[in-house]
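Let me begin by presenting the structure, written as structure tokens, before commenting on it.
The values are calculated or read from the model by the stated rules, or taken from the named source; none is laboratory data. Since we're looking at a predicted model, the values are computed, not measured. Cβ atoms come from the backbone with ideal geometry, glycine included; neighbour counts cover every protein chain shown.
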Amino acid sequence: MVSLSLSDKGFYLLSLLMSCIVVMRYKILSKNTYIKLAFRYVLKKCDFNYKICIVDIDSFYSFGELLDVIEYMDIEQNVFLMKGISVHSKVLAPITAFDRDDGLSEILCCIKNGRSMTWADIEDYIARVQELSMMTEKEKKIAIAVAQHSNISAVATFLNANNKTVYSRVGVIARKLNLQHVTEVRQFIRIEIA
């Protein structure tokens with residue numbers, strides 16, 4: 001008998017893929033058992049002519065994990081991203097189909113009307129976010145400095161800039177990432193960029 005040793009990353013991906021509930025033409029990617037069971041119930045009651053995949057963004061620690069899972073998915077699936085409360089959910093909010101707090105009728109309407117993405121569209125969007133392509137070079141430098149320093153004063157000193165200037169630039173960066181404050185920007189940059 002051959003024993004396979006998987007890296008932590010490989011083991012994680014395998015366990016996540018195996019934890020997917022596959023219901024006929026549906027896949028639900030979530031670590032949350034209640035979400036999986038709820039969608040299983042909802043999707044059994046609906047009849048769709050296409051393959052769909054529901055992705056709970058909060059089940060992924062980073063975009064890298066999500067991209068690793070995408071490699072194993074069926075390209076023909078219509079993907080519905082479900083927004084949660086994590087920083088990554090907020091960053092992906094412009095391409096999410098529905099929120100985890102939305103009502104059942106809203107979610108069903110969204111799925112029936114086909115407000116979905118393709119895996120390629122999701123990969124492209126994530127790649128642009130990871131490159132910080134929506135930011136100027138100065139904003140990228142400030143974002144990375146925010147991740148490296150514990151407070152705005154330290155960032156301002158490091159960049160040889162005024163505190164007020166750094167605060168306003170961080171506000172612009174947060175808006176571009178669909179975040180609200182410096183702590184979320186710091187958390188996102190530390191996980192995805194730095």
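Do you know which residues across the stretch 155-182 are over 18 Å from Gln130 (Cα atoms) and among the β-branched types (Val, Ile, Thr)?
Val155, Thr157, Thr165, Val166
How many residues are modelled with pLDDT of 90 or more and either farther than 15 Å from Ile28 by Cα or outside the structural domain of Lys31 (by TED's automatic domain parsing) (or both) if we restrict to the stretch 42-66?
5
Since Arg190 meets every condition but one in (1) crowded, with 18+ Cβ neighbours inside 10 Å; (2) assigned to a helix (DSSP H, G or I), which condition does it not meet?
It fails just one condition, (1).
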